[in-house]
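Reading through the structure tokens given below for one structure.
Every number in this text was worked out from the coordinates using simple rules, so none of it is lab data. None of these values were measured; they are calculated from a predicted model. Here Cβ is always computed from backbone atoms with ideal geometry, including for glycine, and neighbour counts include all displayed protein chains.
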Amino acid sequence: MPNRLRFAPSPTGDLHVGNARTAVFNWLFVKKYGGSLLIRIEDTDRVRSESRFEDLICRDLKWLGLDWHEGPDRGGPFGPYRQSSRTAIYARRAESLLETGSAYRCFCSEEELGRQALETRRSGVARECPRSCRKFSAREVAQRLKDSHPAVIRLRVRSGKVVFQDLVHGEMTFDSAVVGDPILVRSNGIPTYNYAAVVDDGLMKISHVLRGDDHLSNTPRQVLIYEALGWPLPVFAHLSTILGPDRTRLSKRHGATSLQHFRDQGVLPEALLNYLTLLGWAPGEDQSEILSPEELVASFDIERVSKSSAVFDSQKLYFFNRHYLKECDPSRAVDWASAYLRREGLLDKVDSGVRQWVGLVVEAFLPGMDHLSQISQKAHQLWSFEAEKAVQDEGVRRVLSLPGAARVVDELRNQLSHEERDVVREWSSIVQSVKSASGQKGRRLFHPIRVALTGKDSGPELDKLVSIFEGGSQLELPHRIKDCRARLNEFHGAMLSRGLIPSCSR
């Protein structure tokens with residue numbers, strides 16, 4: 001039988017990294033070993049399920065670089081691919097289980113079940129259905145239905161052991177006594193998760209079920225349902241739980257972990273794909289952790305999936321993202337950066353001239369960014385140069401206290417006072433002239449120049465900033481970019497007003 005795998009999200013919220021990792025492993029399995037991947041929407045939770053979440057999930061999966069062969073958006077031979085559209089299918093299968101005696105109708109009320117649950121908790125015995133409805137005759141069942149008694153359909157669980165093989169955990173054995181008689185269909189006709197998932201997997205010819213190990217406790221119930229339906233078991237593989245840095249189950253208290261969040265941050269999809277694959281799987285000893293999608297597929301080996309919990313570390317993710325940002329097509333980074341700068345009102349229209357200038361900004365600031373949404377924060381100094389505030393900054397004042405610092409600033413102002421000079425093209429010779437005239441070199445030369453032009457004691461390379469200042473001052477931007485002369489004159493004036501260059505002013 002060909003490999004057939006499925007990713008079956010519930011459309012009750014955004015797609016988070018835990019579920020995304022499951023989707024990635026299913027995708028990698030199909031790409032590596034061949035077969036088909038389908039998307040099935042498990043929307044039996046009618047209250048919380050929303051079509052907008054289904055759309056977001058599919059969009060995020062496509063953004064991550066995953067594709068599939070069947071699903072609600074593509075159709076296929078085993079549809080429909082939404083559980084809400086398969087109610088009649090579940091009802092027919094449930095009727096067949098009733099006819100064979102593999103299931104029975106249970107008329108116990110919620111109050112009765114609640115009292116029984118309380119008694120079992122007090123006695124320390126695991127909760128299970130009292131099974132009192134098992135003995136009802138067909139006539140008794142028919143009479144109760146005629147009298148409009150609400151009923152659920154339960155599986156008639158056999159005694160003995162439940163055994164199945166797991167690709168990650170090995171052979172798993174459970175005693176059926178701990179399973180009870182699980183509900184298959186609720187009194188309102190809505191199937192339970194365990195029942196619907198088995199019916200869907202069986203009818204859709206699913207050969208392998210790769211999912212999180214939080215479903216491990218569901219599997220004995222599902223194995224028994226497979227047996228009752230007379231269907232062969234798929235191969236199970238339960239993936240390790242993803243933990244937060246404190247080694248507790250990853251949740252909202254650890255911060256936002258949805259794909260939408262990382263997408264909005266400017267994390268590249270190939271970086272997230274690479275990192276998610278390493279949560280519970282490791283490449284060969286001779287391989288780097290940095291692997292392209294093609295390399296991930298070629299390297300993937302289901303036998304190297306670990307059952308140990310994996311820790312999601314956003315800083316490790318950003319390490320991967322920094323690598324992929326440096327490697328990505330510059331025009332792609334410019335598109336993203338332009339979008340973030342427009343969102344902050346720092347750009348308006350983005351014509352060819354503005355794109356070229358944004359390319360300079362990206363080139364200068366990219367090495368210091370974890371993700372592209374930081375461009376607005378990192379590059380904000382381009383629009384917000386305020387000399388009076390700058391000279392009060394502790395780091396700037398520390399630079400200005402260096403021997404000869406005031407002389408460097410004064411000499412730089414002198415060199416830029418010649419309006420005919422092309423600051424960008426002549427920047428090297430300008431710096432050399434300042435060096436000769438001030439007698440300073442190294443950090444005593446470049447640090448005073450930096451603070452005078454940027455108001456910061458650290459940042460991108462100066463020659464790149466000079467090109468940005470000069471080029472930006474020629475563009476029509478919502479907030480004016482000051483060129484080097486304007487910045488230097490303002491800073492020089494602030495130094496004078498603070499008495500930082502009392503004897504050097506020209």
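A few remarks follow.
- Net charge dipole size for region 167-265 [Lys, Arg +1 and Asp, Glu -1 on Cβ; Debye, nearest 20]: 420 debye
- Local charge for Ser10 was computed over the other residues whose Cβ lies under 10 Å away, with Lys and Arg +1 and Asp and Glu -1, and equals -3.
- What the Cβ-Cβ distance of Met1 and Asp351 gives, at R0 = 35 Å and to the nearest 0.05, is a FRET efficiency of 0.05.
- Taken along the Cα-to-beta-carbon direction at a fixed 7 Å, the label points for Arg186 and Ala339 span 3.8 nm.
- Computed from label points 7 Å out along Cα-Cβ, the spacing between Ser384 and Arg46 is 5.2 nm.
- The dipole here belongs to the chain: it is taken about the Cα centre, uses +1 on the Cβ of Lys and Arg and -1 on the Cβ of Asp and Glu, and is about 1120 debye.
- Subtracting the Cα-Cα distance of Tyr33 and Gln315 from 0.36 nm times their residue separation leaves 98.3 nm of extension gain.
- FRET efficiency for the Ser458 to His479 pair, using the beta carbon distance and R₀ = 25 Å, is estimated at 0.65.
- Neighbour net charge for Lys441 - beta-carbon separation under 15 angstrom, K R +1, D E -1: +4
- Rounded if a/c under 1.5, otherwise prolate or oblate - region 252-326, Cα gyration tensor axes: oblate
- Footprinting exposure proxy for Val162, Val209 (fewest neighbouring C-beta atoms within 10 Å first): Val162, Val209
- Seen through its C-alpha gyration tensor, with square-root eigenvalues sorted a ≥ b ≥ c, region 383-506 comes out oblate because a/c lies at 1.5 or above while a/b is not bigger than b/c.
- Mean Cβ count within 10 Å, highest first, over the residues of peptides 188-199, 58-69, 271-282: 271-282, 188-199, 58-69
- Rounded, prolate or oblate (a/c below 1.5 giving rounded, otherwise prolate when a/b exceeds b/c) for region 329-378 by Cα gyration tensor: oblate
- Relative contact order (percent, whole number), the chain, Cα cutoff 8 Å, 6+ residue spacing: 12 percent
- Between Ser137 and Arg421, the modelled labels are 10.9 nm apart [label points 7 Å from Cα along Cα→Cβ].
- Distance from the alpha carbon centroid of region 363-398 to that of region 140-196 works out to 62 angstrom.
- Helix content alone sets the calculated 222 nm mean residue ellipticity of the chain: runs of n ≥ 4 DSSP H residues at -39500 (n - 2.57) each, divided across all residues, give -14000 deg cm²/dmol.
- Interchain or long-range residues, amide H under 5 Å from Arg4's placed H: Ser36, Ser207, His208
- Packing-based exposure ordering (other Cβ within 10 Å, fewest first) of Thr12, Thr22: Thr12, Thr22
- Among Ala298, Gly284, Leu259 the positive-end extreme of the charge dipole of region 252-326 (Cβ point charges): Leu259
- Rounded to the nearest 20 debye, the dipole magnitude of region 329-378 is 100 debye, with +1 charges on Lys and Arg beta carbons, -1 on Asp and Glu beta carbons, and the Cα centre as origin.
- Which of Met1, Met172 has the fewest Cβ neighbours within 10 Å, and the rest in rising order: Met1, Met172
- Figure legend: label point modelled 7 angstrom from the Cα of Gln377 along Cα→Cβ; residues of region 427-469 with amide N under 19 Å from it are 456-460.
- Top positive-direction residue, dipole computed over the chain with Cβ charges, set Trp27, Ser109, Ser217: Ser109
- Using the Cβ-Cβ distance between Leu402 and Arg59 with R0 = 41 Å, the FRET efficiency computed as 1/(1 + (r/R0)^6) comes to roughly 0.15.
- Taking region 383-506 and dividing mean pair separation by its residue count, relative contact order in percent (alpha carbons under 8 Å, at least six apart): 37 percent
- Counting DSSP beta bridges with both ends in the chain, the antiparallel % (nearest 5): 55 percent
- Listed values (1) 27.8; (2) 32.6; (3) 25.9, entry calculated as mean projected area of the Cα convex hull in nm²: (2)
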